[in-house]
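Below you'll find the structure, written out as structure tokens, and then a few comments.
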Amino acid sequence: MQLWTDWLTLAGICLLGAMSPGPSLAVIVRHSVHGGRREGIIAAWAHGAGIGLYALLSVLGIAALLLAAPGLLWGLQLGGALFLLYLAWQAGRCALRATVQATEVGSSGRRAALDGFLMAFLNPKTGLFFIALFSQFVVAGQSLLSKGGMALVALVIDALWYTLVALLLSTALARQRFLDFRRYLEGLFALLLAALALRVLWGLL
């Protein structure tokens, strides 16, 4: 990581990874439209913290334990699948209700932070992604400061992207549109999250 172009390349790859649609996006969307801008941003930075933690462990070589310890990887995958099922149950319950309050799902900043962090932390594929990514940038004798900077880039890029999502979706117009079609969107979220969870569970069998 001697050239500024290396840092730009790393930032670009991290941004593309953050922009990929998936369950993380669903979590940020739900907290943004139900709990408002504050909770959306809290969820975004908590998710970024989870990403940053995996990135730091990966760049330090600790996350390679995921490859060497199948039991640890299996446990994280199981935890992630169960968490996705829990979120799917939440979304499905909201979809079946006749009415919903704007702050029903994002009832607190603590809840938003927990959901955001766990969505990142309980996804072992994140650690495997960073192991593969940082293997292209880490060199022998690289300083701890440089390695920490790489993890910080991953954290900030992820958090800023989801902060942008939260800002866009927490506007009064966006929240009203979401509530207008709440049943369908919450149902879609529930099906998406449940399908992802079942796919993970199937792979663990």
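For the reader, a short list of remarks on this structure follows.
- Count of the range 90-130 residues which are under 24 Å from Gly80 (Cα atoms) and either in contact with a Cys (Cβ under 8 Å, 6 or more places away or on another chain) or modelled with pLDDT of 75 or more (or both): 23
- The number of residues in the range 1-17 that are assigned to a helix (DSSP H, G or I), surrounded by 12 or more Cβ atoms within 10 Å (Cβ to Cβ) and of a type in the set (A, V, I, L, M, F, W, C) comes to 6.
- Count - residues of the range 126-147 that are exposed (fewer than 15 other Cβ atoms within 10 Å of the Cβ) and either of a type in the set (Gly, Ala, Ser) or under 29 Å from Arg37 (Cα atoms) (or both): 5
- For the range 18-43, a residue qualifies if it is in contact with a Leu (Cβ under 9 Å, 6 or more places away or on another chain), farther than 24 Å from Asp180 by Cβ and surrounded by 18 or more Cβ atoms within 10 Å (Cβ to Cβ), and exactly one does: Ala18.
The values are calculated or read from the model by the stated rules, or taken from the named source; none is laboratory data. Just so you know, these numbers come straight off a predicted model, no measurement behind them. FYI the Cβ positions are ideal-geometry reconstructions off the backbone, even for glycines, and counts take in every protein chain you see.
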